[in-house]
Amino acid sequence: MITLNVNIDHIATIRNARGGSEPDPVAAALIAELAGATGIVCHLREDRRHIKDRDLRLLKEVVQTKLDLEMAANEEIIQIALDVVPDLVTIVPEKRQELTTEGGLDVRANRNKLRELCKQMHDKGIEVSLFVDPNEMQIEESYIVGADMVELHTGEYANAITEKDKNEQLNMLLAAAAFAHHSGLKIAAGHGLNYVNTQAICKIPNIKELSIGHSIIARAAFVGLARAVKDMLQIIQINSKT
Ligand code: PXP
């Protein structure tokens, strides 16, 4: 069975919109685990736009399943990862202006840096996953630099509009998963997966884990909204004088 790692970044996005402490992504992690998530993912970005250093440190304390720290191969964040020691780091390219991670890593162009990063993480017992496009060359390079896992970027598939384009992207993911499996790498997939497009991804052999954030947090707002309104109405009714 494929396991589900839940990305809680956007609970932090909502919290940060008001600069206070609610909703707390650490509490979200515990609820996700109670509901059956097999891992918690957070992305400590250079600009700290959602997850903050405090969140990561508390997540390390409380997460009981598996803590996957998404991060750029950036010196400051590498030092934080080595200090906090999550179970897994997923290395992504990061651009300051992007809304979300826009593409897979160029592993070949960053070969030396990534090889060194894998070694540093392994010395601390941290597994390394590289976020790559479904491209054989990048997967082979991931193996060469010493990664344990690749996370296949499903963003192009998720963005495909026509059936032809979707099928083309699915076939690329299928071939990439087979190639990565053959190379001895563990395989995850993620980005842009929702309650519809995840179905076909689950049918790809050898994918073991999915990393999903936005669609789950978005659905949580809707499936929880009616209850939240009722709770507030009840408080108003109980406390109203007239
Ligand atoms: N995997 C990686 C490497 C990501 O960068 C992201 C976005 O933070 C995700 C998975 C989750 O993507 P989404 O929020 O679209 O589900």
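The values are calculated or read from the model by the stated rules, or taken from the named source; none is laboratory data. Here the structure is a predicted model, which is why all the values come from computation and not from measurement. Note: ideal-geometry Cβ built from the backbone for every residue, glycine included; neighbour counts use all protein chains shown. We work out accessible area using only protein heavy atoms, side chains counted, and drop any ligands, DNA or RNA first. Shrake-Rupley method; radii C 1.70, N 1.55, O 1.52, S 1.80 Å.
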Inset, instruction - Please say if the stretch 117-238 is rounded, prolate or oblate, where rounded means a/c under 1.5 for a ≥ b ≥ c the square roots of the C-alpha gyration tensor eigenvalues, and otherwise the choice is prolate for a/b larger than b/c and oblate otherwise? - result: oblate
Inset, instruction - Take every Cα pair under 8 Å in the chain that's 6+ residues apart, average their separations, divide by the length, and report that relative contact order as a whole percent. - result: 17 percent
Inset, instruction - Report, in debye and to the nearest 20, how large the dipole of the chain comes out about its Cα centre when Lys and Arg carry +1 and Asp and Glu carry -1 on their Cβ. - result: 780 debye
Inset, instruction - Just reorder 42, 202 by solvent-accessible area, largest first, 1.4 Å probe, all chains present. - result: 202, 42
Inset, instruction - Work out Dmax and Rg for the chain from the C-alpha atoms and quote the Rg first, both in angstrom. - result: 19.0, 72
Inset, instruction - Compare the Cα positions of 128, 144, 23 along the charge dipole of the chain (+1 at Cβ of Lys, Arg; -1 at Cβ of Asp, Glu; about the Cα centre) and return the one farthest towards the positive end. - result: 23
Inset, instruction - Can you tell me the order of 136-149, 218-231 when each peptide is scored by its average per-residue count of other Cβ atoms within 10 angstrom, highest first? - result: 136-149, 218-231
Inset, instruction - Take 13, 198 and sort them by solvent-accessible surface of the protein heavy atoms, 1.4 Å probe, largest at the top. - result: 13, 198
Legend entry - Listed residue (222, 40, 172) projecting farthest to the positive dipole end of the chain, Cβ model: 222
Inset, instruction - For the stretch 100-157 and the stretch 216-230, compute the distance between their C-alpha centroids and round to whole Å. - result: 35 Å
Legend entry - Nearest-ten-degree value, helix 25-34 long axis tilted from longest Cα axis of the chain: 80 degrees
Legend entry - Neighbourhood charge, 15 Å Cβ-Cβ cut-off, centred on residue 237 and excluding it, Lys, Arg +1 and Asp, Glu -1: +1
Legend entry - Dipole magnitude of the stretch 118-242 about its Cα centre (Cβ charges: Lys, Arg +1; Asp, Glu -1), debye to nearest 20: 860 debye
Legend entry - Cα-centre dipole for the stretch 1-143 with unit charges at Cβ (Lys and Arg positive, Asp and Glu negative), debye to 20: 300 debye
Inset, instruction - Note the per residue figure in Å³ for the convex hull of the C-alpha positions in the stretch 1-125. - result: 120 Å³
